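Here's the structure we're looking at; comments come further down.
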Amino acid sequence: MAQTAKPRRSVLYMPGSNARALEKAKTIAADGLIFDLEDAVAPDAKENARDQVVSAIQGGGYGLREIIVRVNGLNTSWGYHDLCAAAKSGAHAVLLPKVESADMVRAAEAILEAHDAPADLAIWCMMETPRGMLHAEDIADSSKRLGGFVMGTSDLAKDLHASHTRDRLPMITSLGLCLLAARAAKIAIIDGVHLDLQDDDGFAQSCQQGLELGFDGKTLIHPKTVAKANEIFAPSPEEVAWSRKIIDAHTEATAQGAGVVVVDGKLIENLHVENARRLVSLADAIEQMQQQAAG
């Protein structure tokens with residue numbers, strides 16, 4: 001499921017068992033919302049949470065935000081029924097936990113299709129185990145419904161016996177493997193959460209590192225972090241202006257039969273123009289979301 005330049009700067013987890021949180025999410029400026037039926041929900045609240053999430057999605061009011069339902073694993077007593085409910089919920093995607101193989105994705109896909117899921121309902125994968133890292137390429141290529149990866153760095157650090165450090169050096173190999181697989185498959189990829197809500201500088205540093213590595217955005221656990229993630233993962237006005245400038249110059253040069261053009265002393269080739277178009281498209285989509293929220 002090839003990705004357009006859709007804003008995914010901030011993707012906020014919301015507990016599916018908390019009806020007030022699901023309602024509040026309509027006012028939060030996150031690009032995406034993960035309605036969580038897994039880790040955030042106690043076992044005795046799973047079924048009620050499922051009903052609440054489906055009802056909230058069908059009730060609407062979330063604007064242009066991307067709505068993703070994180071289901072329980074198929075190895076639990078809730079996973080199958082979560083997928084059945086999500087199939088017709090109106091969500092944009094289902095998020096599978098602890099994906100370790102292409103077969104896990106295809107098993108979920110078979111359930112969704114058996115319950116008449118629309119063709120545009122994407123499957124996203126939590127990438128959060130060592131085995132998942134080693135099979136990232138196969139997972140990324142497993143289904144035409146595959147829409148993206150979400151890094152589960154907390155579980156990953158636990159399984160790796162790794163430390164949470166500011167530079168995240170213990171996880172760089174894992175992050176890189178998933179980035180390579182996602183970009184090769186042309187799917188989205190969202191960075192893991194930053195757990196210390198008191199560490200504003202560390203959060204900003206983590207977002208900046210994620211941007212530089214190539215992530216589309218960051219998963220979040222509190223609304224107060226949305227604005228900073230949106231700021232860091234958005235193209236700057238200067239980047240957008242430069243992108244528009246080189247697109248125009250390259251278009252003019254191409255019309256005159258030239259393959260390259262020099263703009264402000266810099267050689268511009270087609271690869272630069274492709275990235276420029278991506279940034280402009282992303283900026284336009286962000287502006288559309290902001291206008292919709294304001295209007």
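Quick note: the coordinates plus some simple rules give every number you see, no bench work behind them. Predicted, not measured: the structure shown is a model, and the values here were computed from it. We place every Cβ from the backbone using ideal geometry, glycine too, and count neighbours over all the protein chains shown.
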With only Lys, Arg, Asp and Glu charged, each at its Cβ (+1 for the first two, -1 for the last two), find how big the charge dipole of the stretch 1-160 is about the Cα centre; round to the nearest 20 debye. 540 debye
The stretch 237-294: radius of gyration over Cα atoms, expressed as a fraction of 2.2 N^0.38 Å: 1.29
With contacts defined as alpha carbon pairs under 8 Å and 6 or more residues apart, what's the relative contact order of the stretch 122-235 in percent? 24 percent
What does the highest-first list of 30-36, 276-282 look like by mean Cβ count within 10 Å? 30-36, 276-282
Fewest to most neighbouring Cβ within 10 Å: what's the order for MET104, MET151? MET104, MET151
How many lysine pairs in the chain, separated by 8 or more positions in sequence or lying on different chains, have Cα atoms less than 15 Å apart? 8
Förster-model FRET efficiency, 30 Å R0, ARG166 and SER55, C-beta, rounded to 0.05: 0.15
Could you work out the relative contact order of the chain? I mean the mean sequence separation of Cα pairs under 8 Å and 6+ apart, divided by the number of residues, in percent. 17 percent
How many angstrom separate the Cα center of the stretch 111-129 from the Cα center of the stretch 181-207? 23 Å
Just check the stretch 136-243 against the gyration tensor rule for me: Cα atoms, a ≥ b ≥ c as the square roots of the eigenvalues, rounded for a/c under 1.5, and otherwise prolate or oblate depending on whether a/b exceeds b/c. oblate
Please compute the contact order of the stretch 237-294 in relative form: average sequence separation of alpha-carbon pairs under 8 Å and at least six residues apart, divided by the residue count, as a percent. 36 percent
Kindly express, to the nearest 10 degrees and within the range 0 to 90, the angle between helix 102-114's C-alpha long axis and the longest C-alpha principal axis of the chain. 70 degrees
With the cut-off at 1.5 for a/c, could you classify the stretch 189-229 from its C-alpha gyration tensor as rounded, prolate or oblate? prolate
Neighbourhood charge, 10 Å Cβ-Cβ cut-off, centred on GLY73 and excluding it, Lys, Arg +1 and Asp, Glu -1: -1
Using per-residue counts of other Cβ atoms within 10 Å, averaged over each peptide, order 123-136, 192-205, 170-183 from highest down. 123-136, 170-183, 192-205
Please work out whether the stretch 10-233 counts as rounded, prolate or oblate from its C-alpha gyration tensor, where a ≥ b ≥ c are the square roots of the eigenvalues and a/c under 1.5 means rounded, while otherwise a/b larger than b/c means prolate and anything else oblate? oblate
With angles folded into 0 to 90 degrees, how steeply does helix 46-59 sit against the dominant principal axis of the chain? Use alpha carbons for both and round to 10. 50 degrees
On Cα atoms only, tilt of 200-213 relative to the major axis of the chain in degrees: 60 degrees
Restricting the count to DSSP beta bridges whose residues both fall in the chain, what percent are antiparallel, rounded to a multiple of 5? 10 percent
